[in-house]
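The values are calculated or read from the model by the stated rules, or taken from the named source; none is laboratory data. The structure displayed is predicted, hence computed values, not measured ones. Cβ coordinates were reconstructed from backbone atoms using ideal geometry, including for glycine residues, and neighbour counts include every protein chain displayed.
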Amino acid sequence: MKREELELTARRVRARVIEMAHRAGTPHVGSSLSCVDIVVAAYWVGLHIDPLAPQDPDRDRFILSKGHAATTLYAVLAMRGFFPEDVLNEYAVNGGRLQEHPGAGCVPGVEAATGSLGHGLPIGLGMALAGRVQGRSYRVMVLMSDGECEEGSVWEAALLAGARKTATLTVLIDYNKWQATGRSNEIMALPPLVDKWRTFGWDAFEIDGHDMGALMDVMRRPPDAGGRPRAVICHTVKGKGVSFMEDDNNWHYRVPTAEEVGAARRELGLQ
Amino acid sequence: MRNAFASELTAVAAEDSRVFLLSGDIGNRLFNEYKQRFGERFMNCGVAEAGMMGVAAGMALCGLHPIVYTIAPFTTLRCYEQIKLDVCYHNLSVVIVGVGAGLAYASLGPTHHTFEDVAALRLFPNMAVVCPGDALEVRAALRAALRRSGPVYIRLGKKNEPRVHQAVPELTIGRGIILREGTDVCILATGVILPTALATADLLAGKGVAARVVSMHTVKPLDTTMLEDVFQSYKLVVSMEEHGLIGGLGGGVAEWLADHAPQRALLLRFGLPDEFFHLAGDQEYARLHYGLVPDVMAAGILKKLREVG
């Protein structure tokens, strides 16, 4: 898919995310919007996957470790063809399949249940190590939030991956500079985040997490020849794509009104 | 027990290429043969148990059958949420092995005691909790755990425990093993206390009391068929464990009893009290301190038998 098409897809995902939050009355809109471009690039460019063969043992794996961005994952999986888009209507509905965090085995394409932070990276590392021992060359991508980097289990896995040289493992960090109640760089000593990963033995670098061209380059980049796992620090804006949501942490918990859904759609160029 | 575990693990790894051993930086020489033969299926995950348990879950999601091995407190509570979410919620075939459980490391202090591991892991859906009673039950338990689809916790002692069985027993998860028949009292023992239960039965026999002794190796799922039988056939059922009285075998049986009252038999429970063990001393001393020794338990059973008539 071309860059322009990916950007259009990302806008459609954003609109879906906002509509789902409005219909269900659920929070985490800002966190879901900041990672849309990353997830779109992963599913349309980076991952070798066949939506019709979601259990293929040789498929690439994607784990949304920041499980509170579930609407983004659900919308992308539906648009990518893992299940019909009308399944999205089951989101946060009594008796529906789609919970507010991705559930174990809820729909095809969800590789691991998440929602408690700091779980996705160890699981992804285990997947990458399993591929090595089984002689499979699939790659594993784990999307984390910046606040999530405060969990100790992240660094346990980072140390182990660095030592085991699991080059098939890539961490994507949605560095939107906010966590639930404040600035992530102030609440904990996160900066310099890229240096932290580098000194743990990772091939770490920074990109603009909304630059689809840069994301496409990252997704096409082969594994590090030196065996290092990869950490891509994606600088992002919480609430990205909708002017009145951007970098406003009220949208960690706020639910968009019908008027705001309409305004957002207009800004996204989707009438 | 740990030597039997390492030996049996080496044997099963030869038969099943999905077996993968993860160690939390212990078992330095214990797994030498395993590592020699199956080095590509061994990983020292360092002193990082939460990460290790998540890694095991990821491996199981990709078709391996990981076995996570470290000292009991660290393979259970240290990575408790990973067990709940990564392993049990996904219902993954991960075998979690806790070595040195109960009072095996009494001398090391409460950081290394586990009086709560069985209770803690029993809480999670899908989890089976198995406490082998001797080295041969360890071998059988490991094979049974690998046959099961879903997570299993295997609770081990340390080394040189008395042997109870003459040969590797048939062990089905969730089915107790009757070791000795007797009609006066039924003793349900789980884990490393099993030899002590038999010694207790010997003392009772000397007093003219015939005890059935059951290796209740599985605390979850409980052998409810056995419970239904013994609570009707006997006047007194006794539970024994080197684990806290809250939430272990005795706790589990008490829950069953509350849901299935009235029964003919009363329940008498032996286990550890709700306290930390502050004294220096080895396992034998700690067991004596808590009365988990044959003469004290035999006296307690005789007293209770007199009460129930």
Margin query: Yes or no: the range B:112-120 includes at least one residue that is free of Cβ contacts under 8 Å to residues at least 60 places away in the same chain and either within 11 Å of chain A (Cβ to nearest Cβ) or charged (D, E, K, R) (or both).
Written below: no
Check: If you go through the range B:1-33, how many residues are part of a helix (DSSP H, G or I), free of Cβ contacts under 8 Å to residues at least 12 places away in the same chain and of a type outside the set (S, T, N, Q)?
Finding: 2
Margin query: For the range B:34-49, check the following and say yes or no: at least one residue is in a helix (DSSP H, G or I), touching a residue at least 12 places away in the same chain (Cβ under 8 Å) and touching a Cys at 6+ places or on another chain (Cβ under 7 Å).
Written below: yes
Notebook entry, point to check: Taking A:A70, is it under 21 Å from A:D248 (Cα atoms) and either touching an Asp or Glu at 6+ places or on another chain (Cβ under 9 Å) or in a strand (DSSP E or B) (or both)?
Noted result: yes
Check: Are there any pairs with C-beta distances below 8 angstrom linking a residue in the range A:149-178 that is within 9 Å of B:G51 (Cβ to Cβ) and within 8 Å of another protein chain (Cβ to nearest Cβ) to a residue that is polar (S, T, N, Q) and surrounded by 24 or more Cβ atoms within 10 Å (Cβ to Cβ), with the two at least 6 apart or on different chains, and if so which?
Finding: A:S153/B:Q82
Margin query: Residue under question is B:L249, and the condition is that it be surrounded by 22 or more Cβ atoms within 10 Å (Cβ to Cβ) and not assigned by TED's automatic domain parsing to the domain that holds B:G271; does it hold?
Written below: no
Item checked: Lone unmet requirement of (1) surrounded by fewer than 17 Cβ atoms within 10 Å (Cβ to Cβ); (2) assigned to a helix (DSSP H, G or I); (3) within 11 Å of another protein chain (Cβ to nearest Cβ) for A:Q55 -> (2)
Margin query: Given the condition surrounded by 21 or more Cβ atoms within 10 Å (Cβ to Cβ), within 20 Å of A:R12 (Cβ to Cβ) and either touching a Pro at 6+ places or on another chain (Cβ under 7 Å) or at pLDDT 95 or above (or both), answer yes or no: does some residue in the range A:117-126 qualify?
Written below: no
Check: Does any residue in the range B:209-221 that is over 14 Å from B:A119 (Cα atoms) come within less than 9 Å, Cβ to Cβ, of a residue that is aromatic (F, W, Y) and buried (at least 21 other Cβ atoms within 10 Å of the Cβ) six or more places away or on a different chain, and which pairs are these?
Finding: B:R212/B:Y234
Check: For the range B:33-46, does any single residue satisfy the condition of being more than 10 Å from chain A (Cβ to nearest Cβ) and buried (at least 24 other Cβ atoms within 10 Å of the Cβ)?
Finding: no
Check: Of all residues in the range B:50-94, how many are more than 8 Å from chain A (Cβ to nearest Cβ), crowded, with 24+ Cβ neighbours inside 10 Å and part of a helix (DSSP H, G or I)?
Finding: 6
Checklist line | Pairs, first closer than 16 Å to B:M59 by Cα in the range B:70-85, second in a helix (DSSP H, G or I) and among the aliphatic types (A, V, I, L, M), C-beta under 8 Å, six or more apart | finding: B:Q82/B:A50; B:Q82/B:M53; B:Q82/B:A57; B:I83/B:M53; B:I83/B:L121
Item checked: Selection from the range A:149-205 of residues that are in contact with a strand residue (DSSP E or B) (Cβ under 7 Å, 6 or more places away or on another chain), assigned to a helix (DSSP H, G or I) and polar (S, T, N, Q) -> A:S184
Margin query: Of everything in the range A:113-139, what is under 14 Å from the mean Cα position of the chain (by Cα) and facing chain B (nearest Cβ under 7 Å)? Give them in sequence order.
Written below: A:A113, A:H119, A:G124
Margin query: Go through the range B:254-309 and report how many residues are part of a helix (DSSP H, G or I) and of a type in the set (D, E, K, R).
Written below: 9
Notebook entry, point to check: If we keep just the residues of the range A:76-109 that are touching a strand residue (DSSP E or B) at 6+ places or on another chain (Cβ under 8 Å) and within 14 Å of chain B (Cβ to nearest Cβ), which is surrounded by the most Cβ atoms within 10 Å (Cβ to Cβ)?
Noted result: A:P102
Check: What's the number of the condition B:A140 fails, among (1) within 12 Å of B:F5 (Cα to Cα); (2) surrounded by fewer than 20 Cβ atoms within 10 Å (Cβ to Cβ)?
Finding: (2)
Notebook entry, point to check: Of the residues that make up the range B:12-26, is at least one touching a Ser or Thr at 6+ places or on another chain (Cβ under 9 Å), surrounded by fewer than 21 Cβ atoms within 10 Å (Cβ to Cβ) and farther than 21 Å from B:N126 by Cα?
Noted result: yes
Margin query: Residues to consider are A:W197, A:W202; find the one that is free of Cβ contacts under 8 Å to residues at least 40 places away in the same chain, under 20 Å from A:I63 (Cβ atoms) and surrounded by 22 or more Cβ atoms within 10 Å (Cβ to Cβ).
Written below: A:W197
Margin query: One residue is enough: does the range A:120-134 have a residue meeting the conditions within 22 Å of A:L33 (Cβ to Cβ) and part of a loop (DSSP other than H, G, I, E, B)?
Written below: no
